[in-house]
Amino acid sequence: MSEIMVAVYENGVLRPLNPVSLTEGQTVRLRVIPEVAPEGPKNELDEALQTLVDQGKMTLPTKQGQVDAEADKKWHELFEKLKERPGKPLSEIIIEDRGPW
């Protein structure tokens, strides 16, 4: 079943705000639609999406509001930390961060 998800574009990567029902390495086709829709009458895409929702063939994501600032800050810190150590397995990075026993 198709699904529509909300994602944030950061550092060249689209990061979904909710868990996705995809398998690792699965190829998908994306159509990027800005979250803020222009004012005015619905366009053809909005009408087509609503038709699919009405037929039960697609579900729309719930409105999430703003991303938790503290969680987002921690995610960015982790991203920056891992970015500084390319090619190194995560397990080695964790062991190094623990320090000497």
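Restricting attention to region 6-34, the residues that are assigned to a loop (DSSP other than H, G, I, E, B) and within 25 Å of Glu80 (Cα to Cα) total 9. Contact map, region 59-81: first residue at pLDDT 75 or above, second residue of a type in the set (Val, Ile, Thr) and surrounded by 11 or more Cβ atoms within 10 Å (Cβ to Cβ), Cβ cut-off under 8 Å, separation 6 or more or different chains; pairs are Thr59/Ile4; Thr59/Val53; Lys81/Ile93. For region 75-101, a residue qualifies if it is of a type outside the set (A, V, I, L, M), in a helix (DSSP H, G or I) and surrounded by 11 or more Cβ atoms within 10 Å (Cβ to Cβ), and the qualifying residues are Trp75, His76, Phe79, Lys81. Of the residues making up region 10-34, those that are surrounded by fewer than 10 Cβ atoms within 10 Å (Cβ to Cβ) and of a type outside the set (A, V, I, L, M, F, W, C) are Asn11, Gly12, Pro19, Ser21, Thr23, Glu24, Gly25, Gln26, Thr27, Arg29, Arg31, Pro34.
The values are calculated or read from the model by the stated rules, or taken from the named source; none is laboratory data. Everything numeric here is computed off the predicted structure, so don't read it as measured data. A quick note on method: Cβ atoms are made from the backbone with ideal geometry, for glycine too, and the neighbour counts reach across all protein chains shown.
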